[in-house]
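Student: Sharing a structure with you now.
The values are calculated or read from the model by the stated rules, or taken from the named source; none is laboratory data. Just so you know, these numbers come straight off a predicted model, no measurement behind them. Heads up, the Cβs are rebuilt from the backbone with ideal geometry, glycines too, and the neighbour counts pull from every protein chain shown. Calculation scope for accessible area: heavy atoms of the full protein, side chains included, ligands and nucleic acids excluded. Shrake-Rupley method; radii C 1.70, N 1.55, O 1.52, S 1.80 Å.
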Amino acid sequence: MAKKYISQQDLKTHNKSGDLWISILNKVYDVSEWSKHHPGGDLPLLTLAGQDVTDAFVAYHPTSAWLYLDKFFTGYHLKDNSVSQVSSDYRKLVAEFSKMGLFETRGHRMMYTLCFLTTLFVTSVCGVFCSDSTWLHLFSGGLMGFFWIQCGWVGHDSGHHQVMKNRTFVHFMQLIVGNCLSGISIAWWKREHNAHHIACNSLDFDPDIQSIPIFAVSNRLFNSLKSQFYDRMMNFNSIARFLVSYQHWTFYPVACFARVNLLAQSHLLLLSNKKKVVNRKQELIGMLVFWIWYPLLISCLPNWKERVMFVVASFSVTGIQQVQFALNHFSSSFYVGPPCANDWFRKQTEGTLNIKNSSWMDWFYGGLNFQVEHHLFPRLPRCHLRTISPLVVELCKKHKLPYNSASFLMANAMVIGNLRSVALQARDLSKPISILVWEAVNVHG
């Protein structure tokens, strides 16, 4: 039987909910119904709809996922699609890592991590109950914040790849370390983080850089773009202009309490009926557990002064993790619009920054000091990121693509420098909003 073909232009027309087609290795699939059940949520499919998504597919899916594609096959093949040399080399590298077993689960490492988390949590709680020392209570609050940071890395690892073979246990672990102990919805995190990875540093598609009215990472945000993730306008009004004008001064103080936003976003998703949430009841029960034990623990402190100190200390320490996230992206290249799947490798490298540090500090960064490698190979356990780094550097050099890295201090300076640059543009009150809009459209961020 002769093959049936469809052009890229025709494929692009199938790019909306209810009519969602994608191409993988030039075979066209109708995933309209599957998007409702896709483990990664519907956003990745909607964002990349109407394109050849081979690079994104091999990045996020194990080899076993290929077995399920046939039931979505439309019978059409993409007739005018060409594969770039960088995409070809990237796919070969993914296949090589698979053969080496680098994507295999490492359950014993996770058990060590869970034991470490238990130690941190018990020590913090004991510091509250077993001593009357104000300083020890303050230390316990800081330790609780450090515990939440480590919980974040566990949630991050388990959300990206199967850290243990038993999926039921992994889901239970996510609910415990995420919802019950940290107060952060694992469902919200997956939805937000998948959108970030698919559209890395897209000003209107990546929620991680959509912080208007508090921060603006690019003057293009002066144009009041629409957030495709939050489905609302990011209005650059007079309030936003004022706050952005001082963002290089407020960056670290805001980071200390950025956890409040994570808690709020978790609740907004779980309490809203507009978005489908798998295991919503389990997630809500987990959140309820957090809001029972944490206030009870605080109430056991002797006075309000120490209670406030404990909360401030626990929240402020988690600001370290918020800064770490910002360092990886806030000073990198930005763009407007949906990601182009055929440009996958370049967009991931241009939008990320590695942090140079000694190997013994990798645990502190949760592996995200190798942000370039993590974005290119999101399923790869963090223990292998340093190992593959030279291969990624070599591939970037071969194709003359950026491989950005800086020390922790330099990365901080780069972020503050970018925030200051945008702030000074927003602060220039001699320019009416119309001029700022023109610059936002015509000047690279």
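Student: What translational D, rounded to a whole number of µm²/s, comes out for segment 75-157 from Stokes-Einstein when the hydrodynamic radius is the Kirkwood one over Cα pairs, at 37 °C and 0.692 mPa s?
Tutor: After rounding, the answer is 193 µm²/s.
Student: So, in Å, what gap is there between the alpha-carbon centers of segment 265-282 and segment 58-80?
Tutor: After rounding, the separation between the Cα centres reads 30 Å.
Student: Looking at the chain as a GNM with Cα springs under 10 Å, which of 133, 421, 23 has the largest mean-square fluctuation?
Tutor: Result: 133 has the largest fluctuation of those listed.
Student: Okay, next question. Mind checking segment 303-405 for trypsin sites (Lys or Arg not before Pro) that DSSP puts in a loop (not H, G, I, E or B) and that have at most 15 other Cβ atoms within 10 Å?
Tutor: 400
Student: Tally up the carbon and sulfur contribution to the accessible surface of segment 53-191 as a whole percent, 1.4 Å probe, everything protein left in place.
Tutor: With neighbouring chains kept in place, the figure for segment 53-191 is 62 percent.
Student: Once you wrap a convex hull around the alpha carbon atoms of segment 234-345, what is its projected area averaged over all directions, in nm²?
Tutor: With every direction weighted equally, the projected area is 11.0 nm².
Student: Looking at segment 8-113, I'd like the Rg to Rh ratio, where Rg is from alpha-carbon atoms and Rh is Kirkwood's inverse mean 1/r.
Tutor: Ratio of gyration radius to Kirkwood radius for segment 8-113: 1.03.
Student: Using a 10 angstrom cutoff on alpha carbons, build the Gaussian network for the chain and name the most mobile of 294, 60, 335.
Tutor: Maximum among the listed residues: 294.
Student: While we're looking at this one, here's another question. Just to confirm, what accessible area per residue do you get for the chain at 1.4 Å probe, in whole Å²?
Tutor: Per-residue value: 47 Å².
Student: Compute the relative contact order of the chain as a whole-number percentage, counting only Cα pairs closer than 8 Å that sit 6 or more residues apart in sequence.
Tutor: 20 percent
Student: Using modelled amide H (1.01 Å from N, peptide plane; none on Pro or chain starts), what sits under 5 Å from the amide H of residue 234, excluding residues fewer than 5 places away?
Tutor: Answer set, sorted by chain and number: 225, 226, 227.
Student: Pick out which of 65, 426, 195 has the largest mean-square fluctuation in a Gaussian network model of the chain, springs linking Cα atoms closer than 10 Å.
Tutor: 65
Student: Please work out how much length the chain gains when fully extended from residue 276 to residue 238, using 0.36 nm per residue of separation minus the C-alpha to C-alpha distance, in nm with one decimal.
Tutor: Length gained between residue 276 and residue 238: 10.2 nm.
Student: Here's a follow-up. Can you run the Rg to Rh ratio on the chain? Use alpha carbon positions and the Kirkwood inverse-distance Rh.
Tutor: Reported Rg/Rh, Kirkwood definition of Rh: 0.97.
Student: By per-residue mean of other Cβ atoms within 10 Å, what is the highest-first order of 261-267, 298-304?
Tutor: Answer by packing, highest mean first, reads 261-267, 298-304.
Student: Next up: Can you tell me what share of the DSSP beta bridges in the chain is antiparallel? A percent to the nearest 5 is fine.
Tutor: Of those bridges, close to 55 percent are antiparallel.
Student: Check which residues have an amide H placed less than 5 Å from residue 357's amide H, if you skip close sequence neighbours.
Tutor: none
Student: Next question, about the same structure. Please turn the phi angles of segment 242-256 into ³J(HN,Hα) values with the Karplus equation 6.51 cos²θ - 1.76 cosθ + 1.60 (θ = phi - 60°), one per residue in order, whole Hz, x for glycine and proline.
Tutor: Per-residue couplings from phi come out as 5, 5, 5, 4, 10, 5, 6, 8, 8, 3, 6, x, 5, 4, 4 Hz.
Student: Excluding residue 194 itself, what net charge comes from residues whose Cβ is under 12 Å from its Cβ, given Lys and Arg +1 and Asp and Glu -1?
Tutor: Combined, the nearby Lys, Arg, Asp and Glu give -2.
Student: Around residue 20, which amide H atoms from residues at least 5 apart in sequence, or from another chain, sit under 5 Å from its own amide H, with H modelled in the peptide plane?
Tutor: For residue 20, whose amide H was placed from the backbone, the distant partners under 5 Å are 31, 32.
Student: Right, next: Mean separation of Cα pairs under 8 Å and 6+ residues apart, divided by the residue count of segment 248-403: what relative contact order is that in percent?
Tutor: 19 percent
Student: Whole angstrom only: what separates the Cα centroid of segment 149-171 from the Cα centroid of segment 196-247?
Tutor: 30 Å
Student: Residue by residue through segment 260-266, what is 3J(HN,Hα) from phi via Karplus (6.51 cos²θ - 1.76 cosθ + 1.60, θ = phi - 60°)? Round to whole Hz and write x for glycine and proline.
Tutor: 3J(HN,Hα) across segment 260-266, in whole Hz: 4, 5, 5, 5, 5, 5, 4.
Student: As a test, work out the antiparallel percent of DSSP beta bridges whose residues both lie in segment 1-141, rounded to the nearest 5.
Tutor: DSSP beta bridges in segment 1-141 are roughly 65 percent antiparallel.
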